[in-house]
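Written below as structure tokens is the structure these notes are about.
The values are calculated or read from the model by the stated rules, or taken from the named source; none is laboratory data. Here the structure is a predicted model, which is why all the values come from computation and not from measurement. We place every Cβ from the backbone using ideal geometry, glycine too, and count neighbours over all the protein chains shown. When the accessible area is computed, the model is the full protein with side chains, heavy atoms only, and any ligands, DNA or RNA have been set aside. Shrake-Rupley method; radii C 1.70, N 1.55, O 1.52, S 1.80 Å.
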Amino acid sequence: MSAFVDAFRSKRVGLLVALGFASGLPLALTGTTLSAWMTNEGVDLKTIGLFGLVALPYNFKFVWAPLFDRFVVPWLGRRRGWMACTQLGLVGAIAVMGGVNPRAAPFALAALAVLVAFLSASQDIVSDAYRTDVLPETERASGTATFVLGYRAAMLVSGAFALILSARLPWQLVYWVMAALMAVGVAASWVAPEPETVRPPRTLGAAVVEPFVDYFARRGALVTLAFIALYKLGDSLASGMITPFLLKTGFGNAEVGALQKGLGLGATIVGTLLGGGLVAKLGVRRSLLWFGVAQAATNVTYMALALVGKSYWVLAGAITVDNVCGGLGTAAFVAYLMSLCNRRFSATQYALLSSASTVAGRLIGASAGFAAERFGWPVFFGGTIAAAAPALLLLVLAMPDGTGAPPPPPPVDSGPAAAQEKDPAPA
């Protein structure tokens, strides 16, 4: 029990609530909240639909991640400096965005929304690298848990709370309130501890190439990459079809929304916090195995719902179990991804590994609707359980010693030689 509690005691872990809040806040402001604002202003549906493209920077953040590994701003340190820069940029961009009329100047609003999404994705890159660099092994899962807690809370604030606020205030003021709340992240970046200094890549070319060379030089690199791509496969296949399944089972939009977003959000937070403590006690490898089995087995509850038909009790149980076990798996999996990153290239390697973890689910998930229609819901959910097996077999049979972690990067030494390393050659 002491290992569970100790995992949440450090200042590093506590501050990640605020950093998670700063990462989660901008998301809805270029998504669902922006759509609501545009609808209120009478913008046509075609234009609103096109605004979905402003989120593309989140899908391509690995492209410019090497910049944050290579360059160091002259204040607050390598990671905290970039976090503060992106957060201050978001304060300004969100505030200016609030002053634009969606109907009168849609192109200006679109440009500002893309800027907010770019700065938000950049903040995510640096926040992920910061967590990877600053957290010791025993705090990686608990740090992930507190970060997710802040992130989810921010999504509620910039989503549901912003909509409620818009009924009482003009949309301009709503966005200004959201911009002011980004100060939470700026303050956290200011007081947060800076990770141990390591030598950054000497050129921008090195920052692009060396993360790949470093990773693929390790024993078991390809097996580890396959495991990363497959670990969340069953979960991804199921999650994309759960809402259509529930609606076709007879539940209404409001019922699905209330249970999935309300009960599901709370269950995810509980599961992630629980996972953050249990990983410290069980270790990452055992947690990956046990939680992976648990998150796959939860789809039995949706099989049961498909067989019994519309039942609020079965639905509530399915959503609760699914999100708690999903949170457990997320805590262990993110801690594992952190363990694979060399601190010299953590921004780039984490962005690439996290992208790799979604590729299989997105590609194979495109056929999920065909499978559900062809075989029926019980067989479909049974298939999602089986889809989790390859990753777990790789973990047991091909990764018995948890290979894949990098050697510790060399720190920046003191003295004249170190001074040259701290001021590397231009890119």
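Worth a mention:
- Filtered residues of the stretch 365-386 (kept if open to solvent by 40 Å² or more (accessible area, probe 1.4 Å), assigned to a loop (DSSP other than H, G, I, E, B) and not polar (S, T, N, Q)): Ala366
- Within the stretch 148-220, helices (runs of 4 or more DSSP H) holding 3 or more residues that are within 19 Å of Ser346 (Cα to Cα), under 25 Å from the mean Cα position of the chain (by Cα) and of a type outside the set (A, V, I, L, M, F, W, C): 204-216
- The stretch 140-154 - residue that is among the aliphatic types (A, V, I, L, M) and surrounded by 24 or more Cβ atoms within 10 Å (Cβ to Cβ) and, of those, farthest from Ser10 (Cα to Cα): Ala154
- Within the span defined as the stretch 114-127, every residue fails to be farther than 30 Å from Val279 by Cβ, of a type in the set (Val, Ile, Thr) and assigned to a loop (DSSP other than H, G, I, E, B).
- Index of the failed condition, Met83 passing every other in (1) more than 23 Å from Ala18 (Cα to Cα); (2) surrounded by 19 or more Cβ atoms within 10 Å (Cβ to Cβ); (3) not polar (S, T, N, Q): (1)
- Residue match in the stretch 32-39 (condition: more than 25 Å from the chain's Cα centre (by Cα) and surrounded by 14 or more Cβ atoms within 10 Å (Cβ to Cβ)): yes
- Residue match in the stretch 121-128 (condition: open to solvent by 10 Å² or more (accessible area, probe 1.4 Å) and under 19 Å from the mean Cα position of the chain (by Cα)): yes
- Test: residue in the stretch 231-250 that is of a type in the set (A, V, I, L, M, F, W, C), open to solvent by 40 Å² or more (accessible area, probe 1.4 Å), more than 22 Å from the chain's Cα centre (by Cα) and over 29 Å from Leu393 (Cα atoms): yes
- Top-ranked residue in the stretch 46-80 [being within 24 Å of Leu29 (Cβ to Cβ) and among the small types (Gly, Ala, Ser); ranked as least open to solvent (accessible area, probe 1.4 Å)]: Ala65
- Yes/no for Thr224 being more than 28 Å from Ala371 (Cα to Cα) and either part of a helix (DSSP H, G or I) or open to solvent by 40 Å² or more (accessible area, probe 1.4 Å) (or both): yes
- If you go through the stretch 313-355 and pick out every residue that is under 16 Å from Leu288 (Cβ atoms) and aliphatic (A, V, I, L, M), you end up with 9.
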